[in-house]
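The values are calculated or read from the model by the stated rules, or taken from the named source; none is laboratory data. Computed from a predicted structure; not experimentally measured. Glycine also receives a Cβ, built like all others from the backbone with ideal geometry; neighbour counts cover every protein chain displayed. In case anyone asks, the SASA skips ligands and DNA or RNA and just uses the protein heavy atoms, side chains included. Shrake-Rupley method; radii C 1.70, N 1.55, O 1.52, S 1.80 Å.
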Amino acid sequence: MVFDSALLRPMFPILAQTAYEHPLIYLDNAATTQKPLAVLDAIQTYYRTGNANVHRGAHFLSDRATSHFENARTVVAEFLKAPEQSHVIWTKGATEAINMVAYGLEHVLEKGDEILITSLEHHANLVPWQQLAFRTGARLRVVPLTSSGEWEEEFAHYFTDRTRIFAATHISNAIGCTTPLSTMLALAKQQGAFTLVDGAQAVAHYPVDVSELDCDFYVFSGHKMYGPTGIGVLYGKQHALEVLMPYQTGGEMVRHVSYQATEFNVLPFRLEAGTPNIEGAIGLAAACDFLSEQNRPALLAWEQSLANHVYTRLKKYGGIDLYSPEKNTTLVSFSVPNIHVIDLNAYLDSQGIAVRAGSHCAHPLMAQLGVTGTLRASFACYNTLEEADRFCDALFDAMEILGDD
Amino acid sequence: MTDPLQAADIKQRLQECRSKEETFKALVTLSKTLPRLSADDKTDANKVKGCESAVWLITDDCQGIRHIKADSDAKLMRGVLVALISLVAGKTLPDIQNMDLKAELAELNLSSYLTSSRTNGILAILDRLQQP
């Protein structure tokens, strides 16, 4: 393995602490990642040397802030391989981005139209569409999984001439499997549907090329890819973004206002009402730079090898129901029959190990898997093999302690 | 049947825990003393809303004394239930209503287990204990 995660750890000072007198082991990266010094420094530097409001006030600091802020947009556009930086809209996160699209497309939907999602969706890519369906009389449909968690072989018939919107996750947050996006997006496009991909779980691990994916919208959150919280991105194709009705109005997004009417600004400003999260955008650009400076295929291979190592140990130990794929994933999701995941989680926490227990904001998926929740260990580039082994050992100890009646 | 002496025992045992791991093990040990509810008793009406794990709680006032049966699908919660039930064991409903259960709970050294999302569930349990 050419990659050595130990070299990255000094860049993440938060990891060098103890939790309940144990070395902290952070395996909740699918919820949020830790932030490298480069991101922390970028935010500090912005406030120390460049803080001013953007796009207004012709003065030294405002020009500097505007330049850094718009440069951040360019960095993110290049990170996504988006053709134009104006196709990158800043949002609070993936959730807000999806809501912007769900509200923005309301005017194109008619009663009886269909909104299609998949069984893997996080509530963030489900509830906004469900509520949109309630508001418009459209029908929410779901491409299902089989009981063993595989895609149904024949899912093409879910894409109909009534499908107006198709929204799918890139990678499942709950069980780590990948959506067959190219097939599904092609089917959606054949029907003339708007397409949205939720990339929240993908951007930290996989190179994303929105031009190649050819989706209308791609959304993600900064905090899941080593960036700050409170910043995310709505990428859209020009025509798709232009169709969106702004779901917030106010300053910045206007060109001219009178009491009688308002002329909206051009993209990207048309969809960015109010003073934006400037520090967030600059921090997110620093996170993109951090990732771009790494050997990304090696990072991904390392994260996948940690997940596979844990998967293999859990499978070998036995008595554990695994829901994530064996390979090509960066997380392991599982449950232990007759032991509640929150009890397992509590023991792991007492050993300084952070994981996630619960439904992972995916109640319908949990119901399909026949569980109330799973335990999820999710890996990032700074995790070590020793941490993966300590997690497994602690889990087996927990099963021993908890499984005796 | 728990009695006040056992409540003092439980309190002492929990207060002696010096780490999260010790509290974990103490709750696991306590959980084993909780008589489990039958499937028939695990009704929606008996379910306490707002808990991270499923919790069922049944109160029965017999000759003035409030009897409590409870269960959970999570073991640590069963341990917590044993501790909570011990606080009110052998008491009448007016006695229980006059107790500051939150303050009594705070003395049990369980704060690291009663995280914000779970606290809501705990408060709902305390509420049930004091409801007519």
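Data overview
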read-out	value
Candidate set: region A:106-148, residues that are closer than 25 Å to A:Phe220 by Cα and of a type in the set (Asp, Glu); chosen: the one surrounded by the fewest Cβ atoms within 10 Å (Cβ to Cβ)	A:Glu106
Region B:13-53, subset in contact with a Phe, Trp or Tyr (Cβ under 9 Å, 6 or more places away or on another chain), within 12 Å of chain A (Cβ to nearest Cβ) and not in a helix (DSSP H, G or I), residue most open to solvent (accessible area, probe 1.4 Å)	B:Ser19
In region B:90-107, the residues that are more than 11 Å from B:Leu129 (Cβ to Cβ) and part of a loop (DSSP other than H, G, I, E, B)	B:Gly90, B:Asn98, B:Asp100, B:Glu107
Hits in region B:54-77 (condition: of a type outside the set (A, V, I, L, M), surrounded by 20 or more Cβ atoms within 10 Å (Cβ to Cβ), outside any helix (DSSP H, G or I) and within 11 Å of chain A (Cβ to nearest Cβ))	B:Ser72
Wholly within region A:1-105, helices (runs of 4 or more DSSP H) carrying at least 2 residues that are away from chain B (no Cβ under 14 Å), surrounded by 14 or more Cβ atoms within 10 Å (Cβ to Cβ) and of a type outside the set (Gly, Ala, Ser)	A:37-45, A:60-80, A:94-104
Helices (runs of 4 or more DSSP H) wholly inside region A:272-383 that include at least 3 residues being open to solvent by 40 Å² or more (accessible area, probe 1.4 Å)	A:278-293, A:296-317, A:363-369
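Each row is one residue, and each column tells you yes or no for (1) aromatic (Phe, Trp, Tyr); (2) touching a residue at least 24 places away in the same chain (Cβ under 8 Å); (3) under 22 Å from A:Ile117 (Cβ atoms); (4) not in a loop (DSSP other than H, G, I, E, B).
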position: A:Val197; (1), (2), (3), (4): no, yes, yes, yes
position: A:Ser211; (1), (2), (3), (4): no, yes, no, yes
position: A:His223; (1), (2), (3), (4): no, yes, no, yes
position: A:Gly230; (1), (2), (3), (4): no, yes, no, no
position: A:Leu241; (1), (2), (3), (4): no, yes, yes, yes
position: A:Glu252; (1), (2), (3), (4): no, yes, no, no
